[in-house]
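Below is one structure, written out as structure tokens; comments come after it.
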Amino acid sequence: MQKVILVEHDKCTGCRLCEMVCSVKHEGVSNPSRARINVIKWFMEGFDMPMICQQCMEAPCIAVCPKDALSRDEELGLVVLDYDLCIGCKMCVTACPFGGMGIDTVTNKVIKCDLCEGDPQCVRFCFPGALQYVDANVANLRRKRDAAAKLAELMSKVVVA
Amino acid sequence: MALNRQIAYINLSTGEIETKPIPLEVRKKFIGGRGLDMYLLYNHTEAGIDPLGPDNVGIISAGLLSGTLSSASARTHMAAKSPLTGAVGSTNMGGFFAPEMTWAGFHHLLVKGKAEEPVYIWVNDGKIEIRDASHLWGLSTRETQNALKEELGEEVQVLCIGPAGENLVRYANIMNGMKNAGGRSGMGALLGSKNVKAVVARGTMDIEIRYPEEALEYDYEVMKHISGTKFAQIMGKYGTMFIQSVTNSTGLVRTQNFQHNQLLDAEPVECEHIEEYSFGTVGCFGCIIHCRHRYIVDDIYDEGPEYTAQGAFGWEVGCNNFETILKGNHLVNHYGLDILETGSMMAWAMELYEKGILTDKDTGGLKLEWGNDEAVLELIRQIAFREGIGDVLAEGPLRAAAKIGKDSLKYNIHVKGMSNLHSDERPTPALALGIATGTRGSDHLRSRAAIDLYHLPVFLLEKVYNNPVKYEGKFTSDYRDYEGKPWEVLWQEMMYMAIDLVGVCKYHCVFLSPNLMNFEHISKFLYYNTGLEMSPRDVWEVAERCYNIERMFNVREGFGRQDDMLVDRYFDEPTTRGLEIVRGKTIDREKFNEMLDEYYELHGWDENGMPTEETLERLGLDKEPSHML
């Protein structure tokens, strides 16, 4: 079963710990501008949304790569970047609609989420649970349950009435 | 790595900016953050200077572990001679500013002189510029940040002042975000006096982590532990408002200035009410506790409130109305006012009004009656803009009392000219000694032995408080006792200083729970993140050195034993409410003085509270000012 990083932005407290642990894990430094994940903040309005590679099925980054450096690993559900083939043209950065492909400010290489070989550190450190690494088949279950709970509440009122 | 972050000297009078590395020997002696700020303050000021004049310096800093893997490494520190008290001015705020300044290459900014016109300071990847801010003058803290984000990009972090700082209200704040406030001791007024509206940071420079894998593992272990504690869970749900329900039911809150020690009908201000207005909690940088709510009331959107908001706009001013707390909290954030001082000054004014010392003539017709919600909200505005009676109250306890005259000072609840928290320490000698001896004035954040209130068994007190230095006396579990308490105060002073050196939030150390970070954790975080090898005992020694230099600053300004004192009401007026065990309590003057004697002796200070020559020599402070930086 493929696993996916599920983002539940309503649980995000905007602390940006995920950015720091991502850069430490991949580069050995704390530097959010080199992280694969970023919390996009409306700082003064109070909305936070973690943004990360969506590991698309029909990935625009794969489609535009002139050297076939990007490919899909179906077993892991992961879009893989092969640095031996990458020429650093950054077409993938242009093509990605989510900003999932980034540019490392120090090496100038393209960077993207690699799911930390199956143990994503952003998820591990997200104690509020805004980021979860779950089997694909349960990715939408919480939303379903929330919606069902509302319906259940309404129905109980109707029944009582 | 963190150790290569620089210091910048910014002369606003001449426009000169000089940057320097911070030598390792200085790091080993003072580590950084509040400690190194205090060293710089002592070295860059002369005794007796006007706090609002160009000779005062403002030092803005990040802790050594800011933006690293060390639990919540988010705190920004600022120091100067206080415009409120004339003693050490010092503040510490959460948010996102300090890590951003660290990614921009700097740990300390020392601002001196005075700009002719309003300016802001732009700190970006190793470069610093002084820029025109005339278009920002007069804006609220939120408007200022929005304008600067519009100008420089959404990613920048802004430390700024509001109208209160511009108008030199002596307890004006610095702010980052909606509610992260550097309060107490008037650091906002200091920036206002220098015509500095804001400091803006944006950084993309690496902070090299010395042992990344170990740092990740250790940080995870500590965070997992903290997140599992009951303390973190309730903080994440209600923030510090949870403290109200515990302390009020015991009888340990200060209501209507100092008239009672318990609010009888507390239901309307209890923390659960936040759920009606909240749409979630938020955290500072890297924090898993997330202790503040985002809330909406009427057309107001803001963050908070905390225990102090409940006190300031609730039980202190007799407004038993949760919405007044939410609205008052918004106004002080908007104007950049210290919430605690604002609430205490208003409560004092209301008691004076009740006693006829202040009349309608003085207040311009504003009815300062207990529970007058509209008057409270209007008075906040008047203080921020120094209008009417607000202009007098903006001066802080001692100057305002001198202006009002009569016996108004007798009713003010302060230490060293800074107002007390909205808690009542008459039944709790450890807490009373803590506020009396605070270097920046009455202070619950630099020495409070809060866990003393938990009646912990002696073996547990020994486990916490005998580490890493052993106390030779006896501990007592009863919070009404005087025995062993001076050491608890001293130990907490060292703990809070240590956590301020590295820039981690106090809620992550032994403060409200005995089960959180201590000197050992700081030692390990320092090693994994920076490679600095310092034992818990070494960290303690640095904290002691920094605390002593803070004390030396006050001694140089003429503060002594007479200033480490509570107001008479603590000794003369017994408590009347609360549990049986806290009723009829005053602080015993003789026993208090005995505690003070022991506290001085434990510190290695003389009977007037001055560090002795041997103490200074032992801590390597005998040649100060030494001008290493």
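The values are calculated or read from the model by the stated rules, or taken from the named source; none is laboratory data. Just so you know, these numbers come straight off a predicted model, no measurement behind them. Cβ: placed from backbone, ideal geometry, glycine included. Neighbour counts: every protein chain shown. Just the protein is used for accessible areas: all its heavy atoms, side chains included, with ligands, DNA and RNA removed. Shrake-Rupley method; radii C 1.70, N 1.55, O 1.52, S 1.80 Å.
Just to verify a result, which residue in segment A:47-59, among those that are assigned to a strand (DSSP E or B) and not hydrophobic (A, V, I, L, M, F, W, C), is farthest from the other protein chains (Cβ to nearest Cβ)? Outline the logic, then answer.
To start, the set of residues in segment A:47-59 that are assigned to a strand (DSSP E or B) comprises A:47-51.
Remaining after also requiring not hydrophobic (A, V, I, L, M, F, W, C): A:48, A:50.
Numbers: A:Asp48: 8, A:Pro50: 13 Å.
The qualifying residue farthest from the other protein chains (Cβ to nearest Cβ) is A:Pro50.
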Task: Residue satisfying condition, being aliphatic (A, V, I, L, M), out of contact with any Cys (no Cβ under 6 Å at 6 or more places or on another chain), in contact (Cβ under 8 Å) with a residue 60 or more places away in the chain and within 21 Å of B:Ala172 (Cα to Cα), within set B:Ala80, B:Ala47 - done: B:Ala80
TODO: Tell me the strands (runs of 3 or more DSSP E) entirely within segment B:113-228 that contain at least 3 residues that are open to solvent by less than 50 Å² (accessible area, probe 1.4 Å), away from every other protein chain (no Cβ under 13 Å) and modelled with pLDDT of 95 or more.
DONE: B:119-124, B:196-202
Open item on the list: Only one of B:Gly390, B:Gly396 is free of Cβ contacts under 8 Å to residues at least 12 places away in the same chain, of a type in the set (Gly, Ala, Ser) and farther than 21 Å from B:Arg589 by Cβ. Can you tell me which?
Closed with: B:Gly390
Task: Unmet criterion (only one of (1) part of a loop (DSSP other than H, G, I, E, B); (2) crowded, with 16+ Cβ neighbours inside 10 Å) for B:Leu36 - done: (1)
- [ ] Return yes when B:Asp407 is among the acidic types (Asp, Glu) and open to solvent by less than 30 Å² (accessible area, probe 1.4 Å) and no when it is not.
- [x] no
Open item on the list: I'd like the full set of residues that are part of a loop (DSSP other than H, G, I, E, B), at pLDDT 95 or above and surrounded by fewer than 19 Cβ atoms within 10 Å (Cβ to Cβ), limited to segment B:515-546.
Closed with: B:Gly531, B:Glu533, B:Ser535
- [ ] Please work out which one of (1) over 23 Å from B:Arg254 (Cα atoms); (2) open to solvent by 60 Å² or more (accessible area, probe 1.4 Å); (3) in a helix (DSSP H, G or I) is the condition B:Ile549 fails and give its number.
- [x] (2)
Open item on the list: If I filter segment B:300-319 down to residues being open to solvent by 20 Å² or more (accessible area, probe 1.4 Å) and within 14 Å of chain A (Cβ to nearest Cβ), which single residue comes out as farthest from B:Gly503 (Cα to Cα)?
Closed with: B:Ile300
- [ ] Taking the residues in segment B:62-89 that are assigned to a strand (DSSP E or B) and more than 13 Å from chain A (Cβ to nearest Cβ) as candidates, determine which candidate is surrounded by the most Cβ atoms within 10 Å (Cβ to Cβ).
- [x] B:Ala79
Open item on the list: Here are the criteria: (1) at positive phi; (2) crowded, with 24+ Cβ neighbours inside 10 Å; (3) modelled with pLDDT of 95 or more. Tell me which single one B:Trp348 does not satisfy.
Closed with: (1)
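Let me confirm something: among B:Phe511, B:Phe475, which residue is of a type in the set (A, V, I, L, M, F, W, C), free of Cβ contacts under 8 Å to residues at least 60 places away in the same chain and not in a helix (DSSP H, G or I)? Steps first, please.
On the way: B:Phe511 fails: free of Cβ contacts under 8 Å to residues at least 60 places away in the same chain.
Result: B:Phe475 is the single residue among B:Phe511, B:Phe475 that is of a type in the set (A, V, I, L, M, F, W, C), free of Cβ contacts under 8 Å to residues at least 60 places away in the same chain and not in a helix (DSSP H, G or I).
Out of all the residues in segment B:266-287, which are in a loop (DSSP other than H, G, I, E, B), within 14 Å of chain A (Cβ to nearest Cβ) and surrounded by fewer than 22 Cβ atoms within 10 Å (Cβ to Cβ)?
B:Tyr277, the sole residue that qualifies.
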- [ ] Could you please give the count of residues in segment B:237-265 that are within 13 Å of chain A (Cβ to nearest Cβ), surrounded by 19 or more Cβ atoms within 10 Å (Cβ to Cβ) and free of Cβ contacts under 8 Å to residues at least 60 places away in the same chain?
- [x] 0
Task: Members of segment A:18-46 found to be more than 7 Å from chain B (Cβ to nearest Cβ) and in contact with a Pro (Cβ under 8 Å, 6 or more places away or on another chain), listed by number - done: A:Cys18, A:Glu19, A:Ser23, A:Ile37, A:Asn38, A:Val39, A:Ile40
Task: Subset of segment B:559-589 [part of a loop (DSSP other than H, G, I, E, B) and closer than 22 Å to B:Leu619 by Cα] - done: B:Phe559, B:Gly560
Task: Tally of residues being farther than 13 Å from B:Ala164 by Cα and in a helix (DSSP H, G or I) across segment B:380-418 - done: 14
Open item on the list: Going residue by residue through segment B:91-102, is there one that turns out to be open to solvent by 10 Å² or more (accessible area, probe 1.4 Å) and more than 14 Å from chain A (Cβ to nearest Cβ)?
Closed with: yes
